[in-house]
Amino acid sequence: MTVPVTSYLLVALILFCVGLYGALTKRNAVIVLLSIELMLNAVNLNLIAFAKFGLHPAITGQIFSLFTMTVAAAEVAVGIAVLIALYRNRETVNVDEMDTMKR
Amino acid sequence: MVNNTLLSLITFSPLLVIVVLMFTPKQMVGTIKTIGVLGTLLPLIMSLMLFAGFDYSAGLQFIERRDWIKIPIGLDQNGSLTFFPIRYEMGIDGASMPLLLLTAIIGTLAAVGSWQMKRRLREYFILYHLLLIGMFGVFSAQNLFLFFLFFELTLIPVYFLLGIWGYAERERAANKFLLYNGIGSAILLLAFIAIFVQLQTVNFGELQQVLTNPDDPLSGYLSPEYRYGLFVALFIAFGIKLPIFPFHSWMLNVHVQAPPPVVMIHSAILLKMGAYGLLRIGINFFPDQAYEFSVWLAVFGLINIFYGAVLATVQKDLKMVLAYSSISHMGMVLLGFAAMNSIGFQGAIFQLVSHGLISALLFFIVGVIWDRTGTSTITELGGIAKSMPFISGVFLAGALASLGLPGMSGFISEFLALMGLFGAMPLHAAIGAIGLIFTTIYVLRAVLRAVYGPTPSRLTRLADAQPMEAIPLVVLLGVIILIGIYPAVLSDPLQKTLDSIVPVVTGIGG
Amino acid sequence: MDTILHYAWLIPLFPLFAFIVLVSFGRQLRGGASSVGILAAALSCVLALVIGWQSYQGAASEKVLVEWMNIRDTVIRVGYEINSLNAMMLVIISVVSLLVQIYSKEYMRDDERVPVYYQYLSLFAFSMMALVLSPNLLQLYIFWELVGVCSFLLIGYHFSKPKAMLAAKKAFIVTRIGDVGLLIAIILLFWWTGSFEYSEIFKTVALGKMEPWMTTLTAVLIFVGAVGKSGQFPLHTWLPDAMEGPTPVSALIHAATMVAAGVYLVAATYPLFLDSQTALDIVAYTGGFTAIFAALIGLTQTDIKRVLAYSTISQLGYMMLALGVAGAIGYTAGVFHLFTHAFFKALLFLAAGSVIHAVHTQDLFQMGGLLKKMPVTGIAFLIGCLAIAGIPPFSGYWSKEEIISAVYSAQRADLLWIAVITVFLTSFYMFRLFFLTFTGKAVSQAISRAKDPSAVMRIPLLVLAVLAVLSGFLNMPFAPLLENWQLAGDVGESIHFAMPEAAELHAPWLSVVSVLVSLAGIVLAYLIYVKKAIAATWIARPLPWLYRLSNRAFYLDEIYRYGLAVPLRGIGMLLDLFDHYLIGGLVQLAVKLANGLGGLHARLQSGQMQTYGLIVLLGIVLLLIGITTQGGVSFGQ
């Protein structure tokens, strides 16, 4: 049985939209970070789907998604570190209170 | 063609000084000063070499052409990309050579004048040399792109030099400076883009070829109205720099607030870039339109002369007097341009050089007076000739040069500018000549009151010039007198260049 | 014939060299400074005398030119020219300059800035000599301005005195007004004749290539220059104030040489004037009016130097009058009077200087009885007075007589009246001056202690006194040596060309009348100030306003101040406000506008990262919608 490419894409879309919604609306920075991970994974899903069902199927897409995961892991590490540093200084993890650049 | 790299060397030699300064610890004040001052000798010596090697019988020379940037603009029939090349093009002719030399001389002397600077010397000299690069570049650039690049490059260091090392209201002055010049640059950029888009070239020589030759196929792309619009845009853009009434108020603030060496540079060179641009780009490319516009040039020139002169008679601050006098003197440049004949152009270029030297001299002295007395208000000064005979004597000589005393450079330039204008618009010229009386009035009023008359007791013990101060004064005065006595030193290199500007203009029937 | 005229260019170079030496080493030289100046002046004096003699002998005039500046096809040349007129001027300048420099050595002995003084004097001598040697108008203008600057520097020599400073400033500005006229004339002549050279200009004029109105205009503008420099009405106000300078300077610059430059200028460009009757009339009437106007003011001045200053103005007016009535005789008369006046006026000033040096006041009413104390000075002054009053056989008689007969020949009754009345006024105020200073009783301690100056000051006085007596014999009606000399050159030829019929009407009775009128003036002065037979106030009491009018120089200074200087300042103040508030205000408006726009923009930047994200999202969505409805984008082909 083969699952059609549209299903992959649909899942990815849903995942991306959930992530986007979270990133734009949640006040807790941790959740925002999680949501960003969701979006990245949606992209990964797309990459893998096209690696198999694309016009020129190749392994490149899968390798690329591996890279993305690595980078995402690093990014989360940095993100959390920044978050903790901020929390220590400002005692908050609320995104809408983080507007030092504007002040 | 063999590339001549001398101009590039002159232009970018300050870069070397900047690098050296960056690696000098900022505590080594003496070393920084020495490097900063001696560094300016590098371009000066090379400029003098250039002057010595200048071929009077040739027009554009010391040419350097290199490929630089390629902008893809589309596909040709074969499907391969076509590029528009922006080249790195430098060169110099009789009109820009005197100004380049002037820049080198003033650059060195103003650096000597910076000896008195006290704060943040390393940054000061780095910015100063950056400014030098911009000024040298403007006078040697041979295409619109480079010209604009260097023209803009001068803004940044001046902004900081003014904003950090200026007097009390320095930040305001710096902002005003940037605001005005930014507007001017924006207009300039638009005009340049318009020219480029229509004619597909930015090279000065090619542009002049295309624009002044009605048979050229590209020439038809620009209607006379379009050209007129471009000329007026250029007039406004460069007019802000010059400055032309009513765009002058930024320049007053700069003159009052900037530290003396920066004012020297500013009034001696930076203002001249406006006039140079107007001649090189405005009048050179659009002679017909300039001719049409020449009555307005004369009118603006007259307004400048009288507005500056009348206001200078009521100022209380010496710096303000000099600032308004710069406005007045730049009016004379416009009159020279308005004449649209070789005598007038020559007068205008003479006036650029002459005013550069004279205003540098006068501002330098005002700086020294400030250094000694802590004031530049005319009524608070007086009688300082008793204790500072040398400075006062040079000040008086400079003032006399400024009011156009024969035997000094100011006379030759004003005489030629007026003489040229008499050939074209006698009435305007006669009115302009009356301006000389006003010049006399304000110059004498300011100088005599500030320097002569009874000596107040608090001004009886002032030190006369130190060697570091005497050098610039003597050199400047010497050059002023040299040009006044033997003007051929400046006029001979000009002749060939005037040929390339004037026939086009006089061909119209002027 | 190898003439020494080839070396004429050396004459101005001696003082120039002295100037350079004094500028460079003046402070080290101190007392030696005067010697440097005097030596240079003596050298040029000798050379000038030799050249004057040769020129008088009929040596051909000489002209040498070198290129100075090119403006494409226009070549401007400089050089020098010797002809009879400027050879004569050279003699005057170098002689008076030498005598004044010798005199100054003693007069300025106690001054601290002697080197500076001699710098200025040498620079002046150089400029003045170079001025008369100039072969073209541009070069003349250059030195014309330079002598003006020297005059300015020397008037303001005592710079810590505010009065001296103001006088210097005034002199510069007022003469500058005239200079601008001259400058315009020079440029206009250039555009019409294509040259600055006198000879070229005269040629063009003689060929009738100039429009008559242009000839008139340029001649009048040249005359405006002369008016400024020679202190003619209405630009004369600077000259009396110029007396703030040291007295020897007044003798040299403001009596003998520089102020005569205006007369010289008109004489040098005379062919131009001959072509325009209007211009000549303007010259004649301005000269005549100035002569009588200044004489009227001179009547009531109380400062010894101011009286002399007004008499200088008046005499210069006389010269202009002579030039203006035209013809060979008018020209010679004007030039001749310039020649004699230089000597007797320098004499008067130097004598006055000796008096001031001795009594330390310039107020006439603080003096008196000085003849006994200072006999040499007194006699010298008397000779000067007799010369200026036109009493035979003193020099002034011959030149003045010639002017009057020139006016008579031209049949100008109005001008003749002016000339004769001025003769009366002149002799009256000069002898008023003499009697008040030298006769009567000493009124103060200083006067009783006064004595004749030392030899250094006496010798120039004596030489000038001799010249004031003798110089008139150069041109007596029956032996017109000067006339023959002066009319030998190009200018003379063109005068004969322009006025072939300028026959002189000889009227011996006129000479008698003018001498009688002059004697009447002296007698009146004697009756009032020595015999006291007539009260000095016999006019002033019934008509006080008349006295005040004369004493205050017809309020011309005040008129200029309130009519020109104050309004100018007012306009300046108004414009300053305009500049500050309107233009500055516009700038402020622009700044506010920019700030406002920026503020508006800033409000979009909430600092909320999530809002930005939302906006980006919306942007992408819009972009996608756009692309989709437009049919998509094709990449590559």
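Brief remarks follow.
- Matching residues, region C:150-166, being without any contact (Cβ under 8 Å) to a residue 24 or more places away in the chain and either surrounded by fewer than 24 Cβ atoms within 10 Å (Cβ to Cβ) or within 7 Å of chain B (Cβ to nearest Cβ) (or both): C:Phe159, C:Ser160, C:Pro162, C:Met165
One line per residue, one yes/no per condition, for (1) under 27 Å from C:Leu98 (Cα atoms); (2) not charged (D, E, K, R):
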{"position": "C:Asp303", "(1), (2)": "yes, no"}
{"position": "C:Ile313", "(1), (2)": "yes, yes"}
{"position": "C:Thr340", "(1), (2)": "yes, yes"}
{"position": "C:Ile391", "(1), (2)": "no, yes"}
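- Here the helices (runs of 4 or more DSSP H) wholly within region C:224-328 that include at least 1 residues being over 26 Å from C:Val116 (Cβ atoms) are C:261-268, C:270-274, C:277-298, C:304-324.
- Count of residues meeting criterion [at the interface with chain C (Cβ under 7 Å from one of its Cβ atoms), surrounded by fewer than 24 Cβ atoms within 10 Å (Cβ to Cβ), more than 23 Å from C:Val78 (Cβ to Cβ) and in contact with a Leu (Cβ under 7 Å, 6 or more places away or on another chain)] in region B:409-454: 0
- Taking the listed residues B:Tyr291, B:Tyr307, the one that is touching a Leu at 6+ places or on another chain (Cβ under 8 Å) and surrounded by fewer than 24 Cβ atoms within 10 Å (Cβ to Cβ) is B:Tyr307, with no other qualifying.
- Any chance C:Tyr285 is surrounded by 21 or more Cβ atoms within 10 Å (Cβ to Cβ) and closer than 25 Å to C:Leu221 by Cβ: no
- Long-range neighbours under 8 Å by Cβ, at least six apart or interchain, first residue under 14 Å from C:Ile379 (Cα atoms) within region C:446-466, second among the charged types (D, E, K, R) and not in a helix (DSSP H, G or I): C:Arg458/C:Asp452
- Looking at region B:267-381, the helices (runs of 4 or more DSSP H) lying wholly inside it that each contain 2 or more residues that are within 14 Å of chain C (Cβ to nearest Cβ) sit at B:287-312, B:318-339, B:342-373.
- Contact annotation: no residue pair with Cβ atoms under 6 Å, 6 or more positions apart or on different chains, pairs a residue in region C:591-618 that is more than 10 Å from every other protein chain (Cβ to nearest Cβ) with a partner that is not in a helix (DSSP H, G or I).
- Failed criterion for C:Ala206 (all others in (1) touching a Leu at 6+ places or on another chain (Cβ under 6 Å); (2) more than 13 Å from chain B (Cβ to nearest Cβ) hold): (1)
- Enumeration of residues in region B:18-32 that are part of a loop (DSSP other than H, G, I, E, B) and among the β-branched types (Val, Ile, Thr): B:Thr24
- Breaking point among (1) of a type in the set (Gly, Ala, Ser); (2) closer than 21 Å to B:Leu99 by Cα; (3) touching a Lys or Arg at 6+ places or on another chain (Cβ under 9 Å), for B:Ala141: (3)
- C:Thr377 passes every criterion in (1) surrounded by fewer than 24 Cβ atoms within 10 Å (Cβ to Cβ); (2) part of a helix (DSSP H, G or I); (3) hydroxyl-bearing (Ser, Thr, Tyr) apart from (1).
- Residue match in region C:603-625 (condition: part of a helix (DSSP H, G or I), exposed (fewer than 14 other Cβ atoms within 10 Å of the Cβ) and among the polar types (S, T, N, Q)): no
- Filtered residue count, region B:278-287, keeping only those that are within 11 Å of B:Leu99 (Cβ to Cβ) and either of a type in the set (Lys, Arg) or surrounded by 24 or more Cβ atoms within 10 Å (Cβ to Cβ) (or both): 1
- Complete set of residues in region A:51-103 that are hydrophobic (A, V, I, L, M, F, W, C) and either within 14 Å of chain C (Cβ to nearest Cβ) or under 15 Å from A:Ile31 (Cβ atoms) (or both): A:Leu55, A:Val76, A:Ile80, A:Val82, A:Leu83, A:Leu86, A:Val93, A:Val95, A:Met98, A:Met101
- Subset of region C:176-189 (residues that are touching an Asp or Glu at 6+ places or on another chain (Cβ under 9 Å) and under 20 Å from C:Ala309 (Cα atoms)): C:Arg176
- Odd one out for C:Tyr103 among (1) crowded, with 23+ Cβ neighbours inside 10 Å; (2) under 18 Å from the mean Cα position of the chain (by Cα): (2)
- Taken residue by residue, region C:507-520 has at least one member that is part of a loop (DSSP other than H, G, I, E, B), farther than 30 Å from C:Thr237 by Cβ, within 38 Å of the chain's Cα centre (by Cα) and away from chain A (no Cβ under 14 Å).
- First in region C:167-181 and closer than 20 Å to C:Pro246 by Cα and facing another protein chain (nearest Cβ under 7 Å), second anywhere and of a type in the set (A, V, I, L, M) and not in a helix (DSSP H, G or I), Cβ under 9 Å, 6 or more apart: C:Phe172/B:Leu403
- Any chance C:Leu574 is more than 38 Å from the chain's Cα centre (by Cα), assigned to a helix (DSSP H, G or I) and under 30 Å from B:Leu179 (Cα atoms): no
- Residue ID - surrounded by the fewest Cβ atoms within 10 Å (Cβ to Cβ), chosen from residues in region B:476-510 that are more than 17 Å from C:Arg77 (Cα to Cα), modelled with pLDDT of 70 or more and at the interface with chain C (Cβ under 9 Å from one of its Cβ atoms): B:Asp499
Every residue, every condition in (1) out of contact with any Leu (no Cβ under 6 Å at 6 or more places or on another chain); (2) surrounded by 19 or more Cβ atoms within 10 Å (Cβ to Cβ); (3) within 14 Å of chain C (Cβ to nearest Cβ); (4) modelled with pLDDT of 90 or more, yes or no:
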position	(1), (2), (3), (4)
B:Asn175	yes, no, yes, no
B:Phe192	no, yes, no, yes
B:Val197	yes, no, no, no
B:Asp216	yes, no, no, no
B:Ser219	yes, no, no, no
B:Ala237	no, yes, no, yes
B:Phe245	yes, yes, yes, no
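- Test: C:Leu546 is surrounded by 12 or more Cβ atoms within 10 Å (Cβ to Cβ) and either in contact with a strand residue (DSSP E or B) (Cβ under 7 Å, 6 or more places away or on another chain) or over 25 Å from C:Phe434 (Cβ atoms) (or both): no
- Single residue of region C:216-234 satisfying the filter (surrounded by 23 or more Cβ atoms within 10 Å (Cβ to Cβ) and touching a residue at least 60 places away in the same chain (Cβ under 8 Å)) that is nearest to C:Leu182 (Cα to Cα): C:Gly225
- Single residue of region A:49-95 satisfying the filter (at pLDDT below 85 and in a helix (DSSP H, G or I)) that is surrounded by the fewest Cβ atoms within 10 Å (Cβ to Cβ): A:Arg90
The values are calculated or read from the model by the stated rules, or taken from the named source; none is laboratory data. Small disclaimer: the values here were computed from a predicted structure and weren't measured. Positions of Cβ are generated from backbone atoms using ideal geometry, with glycine treated the same way; all protein chains shown enter the neighbour counts.
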